[in-house]
Every structure is written in structure tokens, then in C-alpha cells.
Amino acid sequence: MSIKYTVIERGEPGVSGGGKKKWYAQVKTDGEMTIDNLVDEIEKFSALSEADIRGVIIALENVIQKELANGRIIRLDKLGSFYPSLSSEGAETAEMFTSSLIKGARVNYRPGKRINDALAVATFTKAK
């Protein structure tokens with residue numbers, strides 16, 4: 001299998017009118033994997049039942065939600081890490097900063113070595 005891509009024309013960021021346009025690759029996704037699909041695939045590699053696998057995935061989701069909301073980094077070994085980050089307005093001084101300046105929180109993901117290695121050897125095919 002390979003990653004399919006298309007090419008799209010984009011202007012230069014920050015340049016009025018787009019500047020000199022160039023063509024860039026963009027991934028053309030090939031469907032998606034739902035929890036049902038993941039459960040089916042995981043069943044092939046383990047002796048666990050469908051119900052056990054589904055239960056673990058749902059429990060993992062619940063624990064990740066709780067721990068991220070408590071400001072913790074979730075390290076899943078070779079899978080990677082999830083960690084919270086904030087977006088905020090600036091204040092003139094540290095003393096003037098209040099939580100009302102925080103615009104929101106989001107989740108970041110940093111893939112583990114095996115996932116990065118899998119993409120490092122990926123091949124690419126232009127989509128038709």
C-alpha cells in the first residue's frame with residue numbers, strides 16, 4: 001500500500017495577492033478506520049474477544065479525557081504521547097495575567113518512534 005496524493009496550487013503565505021504560486025502535494029485520504037474497524041483488526045492480533053477490546057478502547061478514551069483535563073501528559077509507549085496546550089491573549093506583566101485571558105485548550109499528539117518509522121518508509125502514488 002502507499003499514501004495517495006493530489007497536487008494543489010498555493011500562494012506564498014503572508015504575501016498580498018498570494019505572490020508566486022507553486023504546486024504542492026496533499027494527502028488524498030483513503031477512507032477511515034472506525035472503532036468497529038479497529039476492533040476487527042486488533043482481534044486478528046490477539047486472543048481477546050470483541051467485547052474485551054471494545055471495553056479497553058472505551059476505558060482508554062475515558063482515562064485520556066480525565067487525565068488531559070488534569071494537565072497530565074499521556075505517554076503510550078510506542079504509540080506516542082498526548083499532551084494539553086493552551087492558547088491565550090498576552091498581558092503586559094505576569095502579575096496582570098489572569099485565567100480570563102486563556103482562549104482555550106487543545107490536545108497535541110506526538111507520535112512514537114514506530115509510527116514515525118512507518119511513515120518514513122511509506123511510498124507515494126499520485127491519485128487519479
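The criterion of being free of Cβ contacts under 8 Å to residues at least 40 places away in the same chain and closer than 21 Å to ALA25 by Cα holds for LYS128.
The set of residues in region 34-69 that are in contact with a strand residue (DSSP E or B) (Cβ under 9 Å, 6 or more places away or on another chain) and not aliphatic (A, V, I, L, M) contains only GLU67.
Which of the residues belonging to region 16-40 are outside any strand (DSSP E or B) and more than 25 Å from the chain's Cα centre (by Cα)?
Restricting attention to region 16-40, the residues satisfying the condition of being outside any strand (DSSP E or B) are 16-21, 28-40.
Of everything in region 16-40, those that are outside any strand (DSSP E or B) and more than 25 Å from the chain's Cα centre (by Cα) turn out to be SER16, GLY17, GLY18, GLY19, LYS20, LYS21.
For first residues located in region 106-120 and assigned by TED's automatic domain parsing to the domain that holds SER88, partners that are surrounded by 10 or more Cβ atoms within 10 Å (Cβ to Cβ) and among the polar types (S, T, N, Q) and lie 6+ apart or on another chain with Cβ distances below 6 Å form the pairs ARG110/SER81.
Yes/no matrix, rows are residues, columns are (1) under 23 Å from the mean Cα position of the chain (by Cα); (2) surrounded by 11 or more Cβ atoms within 10 Å (Cβ to Cβ):
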position: ALA91; (1), (2): no, yes
position: GLU95; (1), (2): no, no
position: THR98; (1), (2): no, no
position: ILE102; (1), (2): yes, yes
position: TYR109; (1), (2): yes, yes
position: ASP117; (1), (2): yes, yes
position: VAL121; (1), (2): yes, no
position: THR125; (1), (2): yes, yes
position: LYS128; (1), (2): no, no
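For the structure I just gave you, tell me whether ILE73 is surrounded by 11 or more Cβ atoms within 10 Å (Cβ to Cβ), of a type in the set (Val, Ile, Thr) and modelled with pLDDT under 95. It would help to see each step written out before you state the result.
Details: surrounded by 11 or more Cβ atoms within 10 Å (Cβ to Cβ): yes; of a type in the set (Val, Ile, Thr): yes; modelled with pLDDT under 95: no.
Here the answer is no, as ILE73 does not meet what is asked.
Taking region 69-128 and the strands (runs of 3 or more DSSP E) fully enclosed by it, the elements with 2 or more residues that are hydrophobic (A, V, I, L, M, F, W, C) and out of contact with any Phe, Trp or Tyr (no Cβ under 7 Å at 6 or more places or on another chain) are at 102-111.
The values are calculated or read from the model by the stated rules, or taken from the named source; none is laboratory data. Keep in mind that what you see is a predicted model, and the values were worked out from it rather than measured. Quick reminder, even Gly has a Cβ in these numbers, built from the backbone with ideal geometry, and neighbours come from all protein chains shown.
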